[in-house]
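The values are calculated or read from the model by the stated rules, or taken from the named source; none is laboratory data. Treat the numbers as computed from the prediction; the structure is a model and nothing was measured. We place every Cβ from the backbone using ideal geometry, glycine too, and count neighbours over all the protein chains shown.
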Amino acid sequence: MNLLVTGGCGFIGSHVLDQVVAQPETRSVVNLDCLTYAGRLENAAAAAASPKYRFERVDLRDKAAVFQVVREHEITHVLHLAAESHVDRSIAGPGDFIQTNIVGTFNLLEACRAAWSGSPITVRSPQFAPRFVHISTDEVFGSLGSTGHFTETTPYAPNSPYSASKAASDLLVRAYHRTYGMDTGTTNCSNNYGPRQHPEKLLPVVIRQIVARQPIPIYGDGLNVRDWIHVADHADALWQVLQRGRAGETYCIGGGNEWPNLRLVEQVCDLVDELAPQLGGASRRLITLVKDRPGHDWRYAIDASKIERELGWRPTRAFATGLRETVQWYLAEGAATPVGSRS
């Protein structure tokens, strides 16, 4: 397959690149990324060492450029991760989220539809019939109470401009399958953690604030619950969906690790105190509760039984081990600059 990964210079995308360039099923891997503030070429350095790797600096909002990439590289498969993804930024300015997440997804779908309609690709390689997998978020489902889990049949109820834009792009992908017969799939995943995450996200923020001995702002009472998955487990799940997922299906991906924000931050504080005692310890004292953000969802939790049942995937990394390794990575990288609250 000639695989296009969008957003490969971002956090999750770079780990997906690491996964797919190592697979014998990939003939070429094209990384399409416009290198916004959240994209770094360094994130894709390991994948870039592969002779399969190609990089295209293209903005999904540029329809002509997107069409050109799909056509020139004879793309047969897509893992579409590129998106504006930060809730706080979407509240402050939703315009970029509408243009990138909705219009950008539309441009990519149209490019693939044009390239694959009547294409000889399927005749040449029937085992690699074209497929488009769209990577989304559990935030499209809105907020849970103290019980229950999101499933593939949970109604959409987005509560932020970010999640609304992702919900819209999910529905576009579904429509292209139903209307045009395109082989598509959608995944909705819980919160990711691991190396290379942008500093605006919760865990990097916490670690940087601790290193700088600055307050760690936590929204509301800190008891909003999130389900966490290691980014490498997520990347593995996406490869399974790309290879073996059923056309037109949605798969929920989760780690089964529910933590209130406050309890997670306390764990990170304790790990930093253990791993970097020279900072002075007692990092929990830096935790500061601040005014809650608008539309803050109370709880997310994923039921991942469908992907486990149909594709045999399940997360393999123990949360305690993964969190420790993640903290060690950020400390080794020199987490030194506080960038504000993003919890």
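Contact map, region 300-311: residues that are among the hydrophobic types (A, V, I, L, M, F, W, C) paired with residues that are at pLDDT 95 or above and assigned to a helix (DSSP H, G or I), Cβ distance under 7 Å, separation 6+ or inter-chain. Pairs shown: ILE302/ASP138; ILE307/ALA237; LEU311/GLN240; LEU311/VAL241; LEU311/ARG244.
Among the listed residues TRP313, TRP329, TRP228, which satisfies the condition of being surrounded by 15 or more Cβ atoms within 10 Å (Cβ to Cβ), aromatic (Phe, Trp, Tyr) and in contact with a strand residue (DSSP E or B) (Cβ under 6 Å, 6 or more places away or on another chain)?
TRP228
For ASP221, the conditions (1) part of a strand (DSSP E or B); (2) touching a residue at least 60 places away in the same chain (Cβ under 8 Å) are fulfilled apart from (1). Every condition in (1) within 19 Å of the chain's Cα centre (by Cα); (2) over 26 Å from HIS77 (Cβ atoms) is met by GLY255 except one, and the failing one is (2). Checked against the criteria, LEU238 counts as assigned to a helix (DSSP H, G or I) and touching a residue at least 24 places away in the same chain (Cβ under 8 Å). Consider only pairs whose beta carbons are under 6 Å apart and that are at least six residues apart or on different chains; among these, list those whose first residue lies in region 3-22 and is within 15 Å of TYR193 (Cβ to Cβ) and whose second residue is assigned to a strand (DSSP E or B). What qualifies is ILE12/ASN192. Note on region 17-98: enclosed helices (runs of 4 or more DSSP H) holding 1 or more residues that are of a type in the set (A, V, I, L, M), modelled with pLDDT under 95 and touching a Gly at 6+ places or on another chain (Cβ under 9 Å) are 87-92. Taken over region 48-90, the criterion of being under 24 Å from ALA129 (Cβ atoms) and of a type in the set (D, E, K, R) is satisfied by LYS52, ARG54, GLU56, ARG71, GLU72, GLU74.
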